[in-house]
Every structure is written in structure tokens, then in C-alpha cells.
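What follows is a short report on a single structure.
The values are calculated or read from the model by the stated rules, or taken from the named source; none is laboratory data. These numbers come from a predicted model, not from an experiment. No Cβ is skipped: glycine too gets one built from the backbone with ideal geometry, and neighbour counts run over all protein chains shown. Ligands, DNA and RNA are excluded from the accessible area calculation, which covers all protein heavy atoms including side chains. Shrake-Rupley method; radii C 1.70, N 1.55, O 1.52, S 1.80 Å.
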Amino acid sequence: LKLPATERLQYLAGQYIDILMRGGMRRSLSMANPPQDDALLELHLRNYGGPFSQHVFGKMKEKDILRFEGPLGTFFMREESAKPLILLASGTGFAPIKAMIEHALHKGVTRPMTLYWGGRRRSDLYLSALAEKWEREHGIRFVPVLSEAQPEDAWTGRTGFVHRAVMEDFPDLTGYQVY
């Protein structure tokens with residue numbers, strides 16, 4: 001989304017906005033871009049066939065106006081801690097985690113980070129190349145997990161539910177910050 005030229009949205013990485021739809025319906029979406037990169041608001045949306053998805057994927061045109069409220073929410077990284085970070089996402093829930101990681105990299109955070117990202121199929125991990133790049137270039141451990149891998153996914157990685165993978169790898173989370 002592009003804000004009006006004179007407007008900026010001040011938010012914390014991990015927060016969200018509510019899209020205000022006709023009839024009073026709301027659709028909550030997390031910003032996927034960090035606050036220092038706010039010329040556009042990046043939102044991740046999967047088409048599940050709901051009213052907002054139908055609007056975006058079927059009717060919306062470039063330069064259409066959307067009304068929203070925000071920023072909202074208290075899901076953001078607590079930077080005063082020195083504890084290692086475990087970041088856990090599934091599907092498009094990767095959006096706020098992406099913003100948090102990019103903001104941490106921008107600020108030079110050196111705490112160890114492990115990203116667990118789960119989906120049913122390989123295609124659900126739609127930005128896995130970015131997570132792999134973070135692993136290569138910044139040492140952020142990336143653990144992709146699929147719960148319903150199909151033969152065409154040619155999946156050799158972790159399987160099951162993503163939260164169970166975290167619990168297997170970290171049976172005691174007391175020394176970590178988990179998002």
C-alpha cells in the first residue's frame with residue numbers, strides 16, 4: 001500500500017493494521033516491512049476466498065483507496081533483552097516476523113536468532129529464498145517445516161507441526177525470547 005505523499009505511518013516491527021471494509025467488516029494484516037522502510041506498506045495476504053481476499057484478488061485495481069486503522073497490537077520485539085530469539089511463523093504469519101528480522105538486522109542486533117517457518121506445502125513458504133539468504137549472510141538459523149508435504153514437493157526437511165519442531169529443539173525455553 002502507498003500512503004498519501006504527506007503521510008507516514010509510525011509503527012513497530014510486528015504491529016498490524018485493520019483494513020476497514022464496507023459494512024463495518026475489518027481485516028487485520030501485519031506489516032511485513034520494517035518501520036525504517038515505510039515508503040510503502042507491505043502486506044502478505046493469501047486468497048482463502050473471504051470477503052477481503054475476493055476484493056483484493058478479484059476487484060481491486062491499482063490506485064484504489066483503502067481505509068485502515070493502525071498501527072495496532074503489542075506483538076513487537078523487546079529490544080532490552082539479551083536473550084537469543086526464536087521466531088515462529090506459519091503461512092502468512094511470516095509477515096510480522098519478516099519485519100522484525102529486517103528491523104533487527106537494520107539496528108545491528110547481534111543476538112542469536114532461529115526462524116521456524118511452517119506450512120502445509122513447500123509453496124506455503126513463499127519467501128524461503130529470503131530466509132535462506134538471512135541464514136547465509138547473517139547467521140540466522142532457518143528451520144522450514146511442512147505438515148502435509150506431497151511427493152511433488154520433493155521435501156527432505158522437517159515435517160510435522162512447526163511448534164512441535166521448536167519444542168523438540170528447545171525443550172526448555174526459559175533462556176529465550178519467543179515470538
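A few notes on this one:
- Scan region 138-149 for residues that are outside any strand (DSSP E or B) and in contact with a Ser or Thr (Cβ under 8 Å, 6 or more places away or on another chain) and the total you get is 3.
- A single entry from Glu135, Glu152 fulfils the requirement of being in a helix (DSSP H, G or I) and either open to solvent by less than 50 Å² (accessible area, probe 1.4 Å) or out of contact with any strand residue (DSSP E or B) (no Cβ under 9 Å at 6 or more places or on another chain) (or both): Glu152.
- Residue selected from region 108-132 under the condition more than 15 Å from the chain's Cα centre (by Cα) and of a type in the set (Val, Ile, Thr), by the criterion surrounded by the most Cβ atoms within 10 Å (Cβ to Cβ): Val109
- Residue selected from region 80-98 under the condition of a type in the set (Val, Ile, Thr) and either open to solvent by 10 Å² or more (accessible area, probe 1.4 Å) or out of contact with any helix residue (DSSP H, G or I) (no Cβ under 9 Å at 6 or more places or on another chain) (or both), by the criterion modelled with the lowest pLDDT: Thr92
- Residue list for region 155-173, restricted to those being open to solvent by 90 Å² or more (accessible area, probe 1.4 Å) and outside any helix (DSSP H, G or I): Thr156, Thr159, Phe161, Pro171, Asp172
- Of all residues in region 105-132, exactly one satisfies the criterion of being small (Gly, Ala, Ser) and in contact with a His (Cβ under 9 Å, 6 or more places away or on another chain), namely Gly118.
- Filtered residue count, region 36-68, keeping only those that are in contact with a Lys or Arg (Cβ under 7 Å, 6 or more places away or on another chain), open to solvent by less than 50 Å² (accessible area, probe 1.4 Å) and closer than 30 Å to Ala104 by Cα: 1
- Pro71 within 27 Å of Lys107 (Cα to Cα), touching a residue at least 40 places away in the same chain (Cβ under 8 Å) and in a strand (DSSP E or B): yes
- In the set Lys61, Lys98, only one residue is part of a helix (DSSP H, G or I) and closer than 24 Å to Tyr48 by Cα; that residue is Lys98.
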